[in-house]
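What follows is one structure encoded as structure tokens, with my remarks underneath.
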Amino acid sequence: MSVRRTARWNLVLAVGVTAIAVGVLLEEPVLLLLAVPSFVFAAYSHASPVVPQTVAVEREVAPSDPDHGEHVTVSVSVQNVGDRYLPDVRLVDGVPAALPVRDGPARHAAALAPGAKTQFTYTVIAKRGIHRFDQCTAVLGNTSGTATVGMEVGPETRIACRSRVRTLPFPPAAPAFPGGSSPEAGASGITFDRLREYRRSDSFQRIDWNRYARHGELSTVVSHEQRSPRLVLCLDARPCAYRSAGPNEPGAVSYERAAARELLAATRNTPVAVGLGVCAAELRWIEPGPGDRTRSVVSTSLERPSFLPVEPPEGIHRTRTDDQSMHVLRQRIQRGTWVVLLTPLLDEDPLETARELRTAGHPVTVVSPDVTAAESTGTRVAALDRANRIDRLRRAGIHVVDWVPGDPLEEAIRNGIRR
Amino acid sequence: MSDLPPVPTATTPALPGASIALAVTLGATLAGAAGPLQTAGLLLGATGLGVVVAGVVLRRRERRVVGSVTTLLGFAIATASVVAGSATAPTVPRSITVLALSIGPILVALALLFLTGRRARPVALAGIATVFAGMLANAVVADVALWRGAIAVSLACLATDVASRSIGLGETVGAGATTSVEFVGAATTAAVAVVAAVTTLVLARVALPGTSLVGLSSILLAVLVATALLVHVSPVQRGS
């Protein structure tokens, strides 16, 4: 809460002082008298106390789980819960930056008697992802307008415009995990893989005694440890990725996050060990781990602006493409890990990364939200460049999910892995 | 946090408050006018500005051509009243006061109906200050009755508040929002204006000290002390 004083009545006071000065100079008593109203108003401005912070705000959003492009009606009601009159209440609702406002401002002003309520309504257009309405910003003014109190009030509300996914973006013929063998359902511990020549450092318990009895040769059993398949979701959050199709549209990174959420949800109830990599100014990394604990960490990290900033960080030149984070990513991913690379494909770095990972033996799928537009020659060229990169990746044997955010992600994944 | 996030899409002053401020300003000029000739000229100017407001309303209701023509006609009438009023004034000082009383409301109308945000406020206050100057000058050169002068100054102070509130609402909430804040604020300040005018008339019955140096010095000293106590210095004070 902060109290701010204004100098609104200083002009009136200055006029009064001037009138007196001129009156004294010209010896005109009437000017002295005509200065009196100025001083009365100036005294009034000091007599108005600061108003108390007694507003309560409620917000209703309908529907709370809209489809992409659907109109969402937001109703905000404001009540004076105190026992003093509030002559000047001004509010701005905390609309998510990614949702454009239609039909009505998300701002309101009213004078509220004790217990009185006012309401205002506006409409936003839903976009893919989970969006959070922040608290309202309220400024309460006193009667004379000389003091205002600013505060944040009201609830935070979420709407989820989800594009649920049931299919992971890998072809159905691909093995469930690297190595070509499937995990045995319900099996645990070590399973036989092969025999090799005995070495002095091998444990007695690993010696195949049956073979020794038959042939007189010492050999060691090598077991294949069952491992959960490892999957890393890699999000492109380099400065050049912060692009959108229009001024009021969510950016590519926002859509990447929405897709990552759905892919993460699709791995629930599977043995997949999920990790997360964010290629920003530096690489932010969560090592793949099995179970719900790691999924929870990944899920929380996707929502943290410090881990994955959805808005471009200040002071970053947005055309920089010489980041090292993708290079570090290539070195960080362990052998055999499956990689889903979420990137808008607006430059060449993701291509190189995908190819190198593929060459190193990682199954790779690129999920690319389309944030290009066709409004000008420049944007059309950018769209063509992106289409070329997609073609080149596919020719290199890498599956690409070309996702137009207005379409369901599940459908885009199925189309992408078929090609 | 003591400010609302910037800025609404349309930041022109809220029209209801702007109309009230303009009407009050015109009322102040008419109250401070001296003689039927001055009053007639100012009435003509007020009519012109009323036509300007009608033109602005039409333009904001998407009738742009008719609205623009009406607005230009209104400004033409107001300008004609300025020229006629100053030309028909019997003396040069009266001509100057008429100019001030005529131009002030035009500046206020320009600020409240056509300018936005940061530009509106100084132009509006300059217009009201011009009206103040004209009224005070009229009180000296044209010997306007004290009660008219008191009402005129009180109305000018009221116009300052209503105009500032209208501009502030346009900046923070937007010109399209319909609010009760302007009307409640105007009503409260109008009550103070009544008190101010009555106080002036009551004090007029108190015998003023003569033009002695001691008396005038006492008045000046009292004024300086009162000013020091009443002036607002506007730092941001952080509360808990």
Practice problem: Consider all pairwise Cα distances in segment B:8-149 and report the whole-number % of them above 28 Å. | Solution: 18 percent
Quiz prompt | Rg/Rh ratio calculated on Cα atoms of the protein assembly as shown (Kirkwood radius) | solution = 1.21
Self-check item: Translational D in µm²/s for segment A:360-401 (Stokes-Einstein at 25 °C, 0.890 mPa s, Kirkwood Rh from C-alpha pairs)
Solution: 217 µm²/s
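Between A:Ala360 and A:Ser64, how high is the FRET efficiency from 1/(1 + (r/R0)^6) when r is the Cβ-Cβ distance and R₀ = 35 Å? Nearest 0.05.
Calculated transfer efficiency: 0.20.
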Self-check item: segment A:40-90: C-alpha pair distances exceeding 14 Å, %
Solution: 67 percent
Quiz item: Size of the dipole of chain A about the Cα centre, Lys and Arg at +1 and Asp and Glu at -1 on the beta carbon, nothing else charged, in debye to 20?
Solution: 1440 debye
Quiz item: When DSSP beta bridges are limited to those with both residues in segment A:1-133, what percentage is antiparallel, rounded to the nearest 5?
Solution: 100 percent
Quiz item: Roughly speaking, what is the centre-to-centre gap between segment A:1-80 and segment A:230-290 when only Cα atoms are used, to the nearest Å?
Solution: 48 Å
Self-check item: Angle in degrees between helix A:36-47 and the longest Cα principal axis of chain A, rounded to the nearest 10
Solution: 40 degrees
Practice problem: Note down the Stokes-Einstein diffusion coefficient of segment A:74-154 in µm²/s, whole number, using a Kirkwood radius over alpha carbon pairs, 20 °C, and 1.002 mPa s. | Solution: 157 µm²/s
Practice problem: Distance between Cα centroids, segment A:372-413 to segment B:108-127: provide it in whole Å. | Solution: 50 Å
Exercise. Before rounding to the nearest 500, sum -39500 (n - 2.57) across all DSSP H runs of length at least 4 in the protein assembly as shown and divide by the residue total; then give [θ] at 222 nm in deg cm²/dmol.
Key: -15500 deg cm²/dmol
Exercise. Starting with the fewest neighbours, write out A:Ile20, B:Ile20 ranked by other beta-carbon atoms found within 10 Å of each beta-carbon.
Key: B:Ile20, A:Ile20
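Counting DSSP beta bridges with both partners in the protein assembly as shown, what percentage is antiparallel, nearest 5?
Here the antiparallel bridges make up roughly 75 percent for the protein assembly as shown.
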Practice problem: Quick one: order A:Lys127, A:Lys117 by neighbouring beta-carbon count within 10 Å, fewest to most. | Solution: A:Lys117, A:Lys127
Exercise. Return the FRET efficiency for the residue pair A:Glu311, B:Leu224: r is the Cβ-Cβ distance, R0 is 41 Å, and the value is rounded to the nearest 0.05.
Key: 0.20
Quiz item: Cα extents of segment A:1-65 along the three principal axes, largest first, in whole Å?
Solution: 75, 21, 17
Quiz item: Mind checking the dipole of segment A:1-121: about its Cα centre, +1 per Lys or Arg Cβ, -1 per Asp or Glu Cβ, Debye to the nearest 20?
Solution: 340 debye
Quiz item: chain B: Rg/Rh from Cα coordinates, Kirkwood Rh?
Solution: 1.02
Quiz item: What helices does chain B have that are whole DSSP H segments, at least 20 Å long along their own axis by Cα, and with mean Kyte-Doolittle hydropathy of 1.0 or more?
Solution: B:15-31, B:35-60, B:64-87, B:92-114, B:117-141, B:181-204, B:213-230
Quiz item: Tell me, how many Å apart are the Cα centres for segment B:42-86 and for segment A:143-157?
Solution: 38 Å
Quiz prompt | Label-to-label distance, nm, for residues given as A:Thr123 and A:Ser299 (7 Å Cα→Cβ offset) | solution = 3.3 nm
Exercise. Could you calculate, for segment A:2-148, the ratio of the Cα radius of gyration to the Kirkwood radius, expressed as Rg to Rh?
Key: 1.23
Exercise. Compare the Cα positions of A:Tyr122, B:Thr189, A:Pro408 along the charge dipole of the protein assembly as shown (+1 at Cβ of Lys, Arg; -1 at Cβ of Asp, Glu; about the Cα centre) and return the one farthest towards the positive end.
Key: A:Pro408
Quiz item: For segment A:229-363, what is the Kirkwood estimate of the hydrodynamic radius, computed as the reciprocal of the mean inverse distance between distinct Cα atoms, to one decimal in Å?
Solution: 15.0 Å
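A short reminder: the numbers here are calculations on the coordinates, not readings from a lab. Predicted, not measured: the structure shown is a model, and the values here were computed from it. Counting neighbours? That spans all protein chains shown, and the Cβs are built from the backbone with ideal geometry, glycine included.
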